[in-house]
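Here, each number is a calculation from the coordinates, and none is a lab measurement. Since this is a predicted model, take the numbers as computed values, not measurements. Methodologically, a virtual Cβ is constructed for each residue, glycine included, from the backbone with ideal geometry; neighbour enumeration extends over all protein chains shown.
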Amino acid sequence: MNYLNKKSVEDIDIRGKRVLVRCDFNVPMKDGVITSDKRITSALPTIKYLLDNDAKVVLCSHMGKPHAVLTEGFGLTKKEKAKVAALPEEEQSAAKKKMLEKAKVEDPKKFTLKPVADRLNELLGEGTVAFASDIIGADAQAKVAALEGGKAVLLENVRFDARETKNNPEMAKELAAFADVYVNDAFGSAHRAHASTAGVADYLPAVCGYLIQKELTVMGGALAEPARPFVAILGGAKVSDKIGVIENLIDKVDTLVIGGGMAYTFMKAKGYSVGNSLCEDDKVDLAKAMMEKAAAKGVNFVLPIDTVVATEFAPDAEHKTVPSNEIPDGWEGMDIGEKTRALFADTLKNAGTVVWNGPMGVFEFETFAKGTIAVACAVAESGSISIIGGGDSAAAVEKLGFADKMTHISTGGGASLELLEGKILPGIACLNEKD
Ligand code: ADP
Ligand code: MG
């Protein structure tokens, strides 16, 4: 699939039309209050463009993982099912009933998109966005029918309907009946084939919004036609989470740098002892195979040469720096050492494109954030096209204050990883191609 050839809102006539927009309004909430509205503000360029062009805008999104409370006879979550199954048989049916009753009362309050509608009105002007208390029910029908050009309605959480996550065609059809055009701008959900993220595109002309377009041109573009040298820096906790990313990038990059918790599995593959460091013994052979593949392809494969080790996993743990092949028994690797920071920075100096996923150490503890900070500095100073993918990596770059120095920080954690893995994202595959 050519990610760079998808139609966007600007490639289709939307003036005065009814437009269904799938957004990612899955914002963090605490006690009914939105704690970060970044996902809402990120969606504004598309929404404003549509409103400015007199479109009748129907917004939809999911929020969290609620029970499908608007569905007849909705069921328990996986976790709850396991809890019930662990109870003595005679208690199970009462426990199940209690959980469902609780969900029926609490979920509509906890997972409602109403606070998002309020925030949208603050940002776009009071009275711009109406809120429907259901998804495809009577309230939504009435509010969509009453829509004027330049106004919007936000439907209630699509996951209150059990058919959403099953990509049920009936639900997709019912959503599609609200509009003449479908716009997907929910990059954070693009790796899911759900009724509102992909299914609906079977019934309407489908294009992307500005947010997805940016992800595709910057991240998709870098993967398809990288400015060279192309350097990937991978870190984070586990090799097993990133196998797909490593395998895909090894075919594309000139240099592959590995740091963070996943580096110890590679060190073990080289025959080093890693003490109490994170290490996946069942992935050691795979790590070896990847290093051999890199060598065969002429990819420059760079591992840490020194490591900050600590006596325990704690912010104030006793620590010291040792060569990577001399991690003592009883100590665990928490960060890359100073020599490694310089070495990694050196590989970045002339980079044309840098893709970075995964912190270099336990950056949540200040003492062990130095490696991640050093790499963030080096990426920022490299003058390369710099792309940050992954939820924790994006959080690290923002927390450490480097966000505005990067070319692009992907807004979709899981979706950005799947893009880096070279996977086809259903929410993007379903969009119309340019002629
Ligand atoms: P992303 O969400 O960006 O894909 P990951 O989830 O793979 O990143 O990894 C992030 C986590 O990896 C962080 O919580 C960080 O503390 C952890 N981590 C990094 N280095 C180490 C290490 N040496 N030991 C243990 N955990 C580590
Ligand atoms: Mg993560």
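Key figures for this structure:
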item: Dipole in debye (nearest 20) - segment 97-196, about Cα centre, beta carbon charges: Lys, Arg +1; Asp, Glu -1; result: 540 debye
item: Förster radius 56 Å - calculated FRET efficiency between Glu148 and Asp281 (Cβ-Cβ, nearest 0.05); result: 0.35
item: Value of relative contact order over segment 284-377, rounded to a whole percent, pairs C-alpha under 8 Å and six or more apart; result: 24 percent
item: Inverse of mean 1/r across different Cα pairs in segment 265-381, Kirkwood, Å; result: 15.0 Å
item: Length-normalised contact order of the chain in % [C-alpha pairs under 8 Å, at least 6 apart]; result: 17 percent
item: Volume of the Cα convex hull of segment 1-126, divided per residue and given in Å³; result: 168 Å³
item: Point-charge dipole on Cβ atoms (K/R +1, D/E -1) for the chain, about Cα centre, debye to 20; result: 540 debye
item: Using a Förster distance of 45 Å, the FRET efficiency for Ala86-Asn5 (Cβ separation, nearest 0.05); result: 0.35
item: Per principal axis, descending, Cα span of segment 82-200 in whole Å; result: 58, 29, 27
item: Distant-in-sequence amide H partners of Val257 (H built 1.01 Å from N, under 5 Å); result: Ala232, Ile233, Leu234, Val302
item: Bridge type composition, segment 279-435 - antiparallel percent by DSSP, nearest 5; result: 60 percent
item: Förster-model FRET efficiency, 45 Å R0, Lys97 and Tyr203, C-beta, rounded to 0.05; result: 0.75
item: Pairs beyond 32 Å (Cα-Cα), from Lys78/Lys405; Lys56/Lys252; Lys78/Lys283; Lys7/Lys288; Lys79/Lys238; Lys65/Lys214; result: Lys78/Lys405; Lys56/Lys252; Lys7/Lys288
item: Amide hydrogen neighbours beyond the local backbone of Asp180, cut-off 5 Å, H modeled; result: Arg18, Val19, Leu20
item: Descending Cα extents along the principal axes, the chain, whole Å; result: 69, 62, 36
item: Stretch gain in nm, segment Asn325-Ala227, where the contour uses 0.36 nm per residue and the Cα spacing is subtracted; result: 31.9 nm
item: Projected label distance in nm at Glu72 and Lys423, using a 7 Å step from Cα toward the beta-carbon; result: 3.4 nm
item: Rel. contact order, % - alpha carbon contacts under 8 angstrom, at least six apart, segment 230-310; result: 34 percent
item: Inter-label distance, nm, simple model (7 Å from Cα along the C-beta direction), Ser36/Asp316; result: 2.8 nm
item: Projected label distance in nm at Ala237 and Lys110, using a 7 Å step from Cα toward the beta-carbon; result: 2.2 nm
item: The chain - share of DSSP beta bridges that are antiparallel (%, nearest 5); result: 25 percent
item: Gain in span if fully extended, Asp346 to Asp52, counting 0.36 nm per residue against the direct Cα distance; result: 101.1 nm
